[in-house]
Amino acid sequence: MAISPPPTYVRRPERWDQPMDASMTDADVAWLRSRQPFASLDSAAFPRSTPLDGVLRNDCRLIRCEPGEIIVREGDYGSSAFIVLAGSVSVFVSQLSPESLGRTEVKTKSWAQSLQAWWATSRHAEVRTAEQVAISSGPKIGQVDDRPAIFMQDFSAMIRQSETVSLGPSELFGEVAAMYRTPRPATVVAEVEATLVEVRWQGLRLLRKDKRFADQLEDHYRKNWLRIHLRELSLLRYVPDDSMDRVVKATALRSFGRIEWNNDFRRTQKLTSREQIENEPIVASEGQFPTDLIIVRSGFARASRSYGTGHQTTAYLGAGHVFGLAEAAHCAFRPENMPAMVLQQSLRAVGFVDTLHIPIEVVVEHVLPHVRRSELPTEVRHLAEARLGLNGDRRRIDRSAEHEASRYKANDIRVLMGNTSDHTGRLEFLVENRLFNGAQAMVIDLHRCTRCDECVKACASTHDGNPRFVRDGLQYGPLQFVQACMQCSDPVCMVGCPTGAIHRHTETGVIQIQESICVGCGVCSSSCPYQNIRMTPVNDLKGNPYRDSRSGLPILKATKCDMCQSQPTGPACVSSCPHDALVRIDLTRSEPLERWLEKR
């Protein structure tokens with residue numbers, strides 16, 4: 001009889017093993033408890049496992065800001081909110097120029113300029129002039145206490161020229177971007193010396209255990225943002241204002257999983273497909289009667305159905321997708337003698353997902369009567385036409401490409417990958433490795449690729465002798481998903497950058513790095529779950545590395561694929577491939593990959 005090996009005992013990781021600020025003291029916590037809104041919080045509302053003092057000690061940090069310091073910047077991503085404790089800050093309502101925020105627009109080179117740059121390429125990698133390494137214009141980088149800070153130049157003049165709103169003690173900002181991992185809607189700058197408490201998303205969620213604080217957050221969101229977010233859906237575009245009032249009032253806000261999914265990503269990758277699905281938090285279960293129409297607000301979710309003793313992935317849903325529309329519409333429009341339809345699939349959080357839940361009775365009364373026929377799933381259109389008399393004249397179908405894209409966003413999930421084992425397996429692969437996060441993923445058809453490395457050479461010649469990707473990566477059949485920045489839909493790399501150097505281009509959506517304010521801290525590189533950002537030493541014209549004058553250490557800059565925005569050809573890797581083996585493709589939807597494969 002075989003003897004089992006003895007178990008290895010280790011301490012289970014605890015919720016607060018990694019506090020937001022390890023230097024927080026009992027005195028800091030006591031001082032926070034004396035300030036609003038914390039002074040009004042009910043300690044008894046918090047369980048013993050996550051007491052109020054524990055939230056303040058582990059999920060918060062105190063920040064002293066100097067006048068003119070940029071606290072958050074429009075367009076940046078963040079996972080924390082801020083509460084003013086002393087002093088005041090200015091929220092810039094009017095949009096500021098990119099230059100004032102330390103960003104410069106990427107200009108596309110002409111063919112002549114591109115050729116001239118190619119001839120002038122240095123034999124040394126990552127060459128910069130001293131002016132390129134140091135900050136020469138725009139905001140200034142300084143040091144406040146023990147952290148780098150970025151300051152707006154001529155702050156007084158900017159205040160006079162711009163529309164601003166002043167926030168004082170106990171007022172909150174940044175909570176919507178933190179809760180929904182969306183870009184910051186405005187730039188906030190310290191008016192005078194100010195003291196703030198920064199609360200990371202997990203702590204914000206725990207603070208909502210106090211009903212008064214939770215009501216304050218929810219009221220703020222409902223008043224300022226919920227209607228806007230609902231109106232973004234084509235499904236709700238034509239709902240009258242009085243009905244939309246009822247929808248807004250009835251909508252519940254929920255979240256599932258961990259917002260810092262990148263910390264768990266490598267661990268979950270080691271699990272089998274079945275184990276991954278079974279470990280994902282359930283949002284809605286197959287076989288149950290629908291109670292809500294579920295809208296994905298942020299993050300990603302997996303739709304699956306029972307298959308044998310396990311589950312089969314049928315689709316993945318991102319921001320703007322709707323779950324349960326077919327079942328809700330069937331329940332609303334079916335004849336009395338027809339049984340109601342149960343949920344045909346389950347919905348699970350992949351890492352983290354934020355959802356909006358509209359009760360089905362509100363959907364039936366205030367949403368479905370105003371929905372265009374083209375927005376309804378095919379299988380229930382005939383029921384709607386029989387009940388409401390919908391026809392082409394009253395609900396004309398717009399066949400434009402723009403509408404087709406929004407229709408996919410709004411309509412209920414479908415098995416877009418087909419039912420063959422190859423399609424299903426590929427879909428499982430994309431979800432398990434979270435590749436559906438990529439809006440511009442690099443995919444190579446290995447049946448066509450001859451390993452000539454022309455793509456790598458072209459990338460290197462375009463980027464200071466240092467290629468921005470490695471021709472390696474995960475493989476599914478003949479498809480290789482290369483280690484190059486995918487321009488993620490949920491860019492966790494942008495969360496935590498102390499100066500906002502890594503940001504998304506407002507027009508193209510490309511995630512780019514402003515080198516002039518990159519301090520080389522490496523936060524973005526360590527946060528990227530796909531290892532697609534690299535910290536690289538930069539050199540002078542002679543190939544000598546730049547070194548910090550104080551520490552003597554090499555100066556590093558974050559480098560990543562920038563989609564060759566300045567090149568007239570677009571991505572050099574794609575244009576240089578002699579065998580048409582490489583493509584940059586949107587994996588946030590399954591259709592583009594399927595269409596590309598059909599053409600192979």
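Below, the figures for the structure above:
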| read-out | value |
| --- | --- |
| MRE, 222 nm, helices only [DSSP H, n ≥ 4, -39500 (n - 2.57), over the chain, to nearest 500] | -7000 deg cm²/dmol |
| Carbon + sulfur, % of accessible area of region 49-101 - ligands and nucleic acids excluded, 1.4 Å | 50 percent |
| Size of charge dipole - region 418-478 - debye, nearest 20, with Cβ of Lys, Arg +1 and Asp, Glu -1, no other charges | 100 debye |
| The chain, relative contact order [Cα under 8 Å, separation at least 6], % | 16 percent |
| Check: the chain dipole with +1 on Lys, Arg Cβ and -1 on Asp, Glu Cβ, in debye | 880 debye |
| The chain, accessible area per residue, ligands and nucleic acids excluded (1.4 Å, Å²) | 48 Å² |
| Most positive-pole-ward Cα, 293, 220, 236, against dipole of region 186-345 from beta carbon charges | 293 |
| For the chain, the longest site-free run once GluC sites (Glu not before Pro) in DSSP loop states with at most 12 other Cβ atoms within 10 Å are removed | 164-335 |
| Nearest-10 value in Å² for the accessible area of residue 573, using the 1.4 Å probe | 10 Å² |
| Counted charge near residue 187, where neighbours are those whose Cβ lies closer than 10 Å (Asp, Glu -1; Lys, Arg +1) | 0 |
| Accessible surface of region 423-469 [probe 1.4 Å, protein heavy atoms]: carbon and sulfur percent | 46 percent |
| Counted charge near residue 40, where neighbours are those whose Cβ lies closer than 9 Å (Asp, Glu -1; Lys, Arg +1) | -1 |
| Residue 209 accessible area, 1.4 Å probe, all protein chains in place, Å² to nearest 10 | 90 Å² |
| Neighbourhood net charge (14 Å Cβ-Cβ; Lys/Arg +1, Asp/Glu -1) for residue 107 | -2 |
| C-alpha center-to-center spacing [region 490-517, region 170-242] in angstrom | 21 Å |
| Reachable lysines, given that their alpha-carbon falls under 30 Å from the alpha-carbon of residue 211 and they are not under 8 places away in the same chain | 223, 249 |
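The values are calculated or read from the model by the stated rules, or taken from the named source; none is laboratory data. Treat the numbers as computed from the prediction; the structure is a model and nothing was measured. Virtual Cβ from ideal backbone geometry, glycine too; neighbours counted across all protein chains shown. Accessible surface is based on the protein model in full, side chains and every heavy atom, while ligands, DNA and RNA are left aside. Shrake-Rupley method; radii C 1.70, N 1.55, O 1.52, S 1.80 Å.
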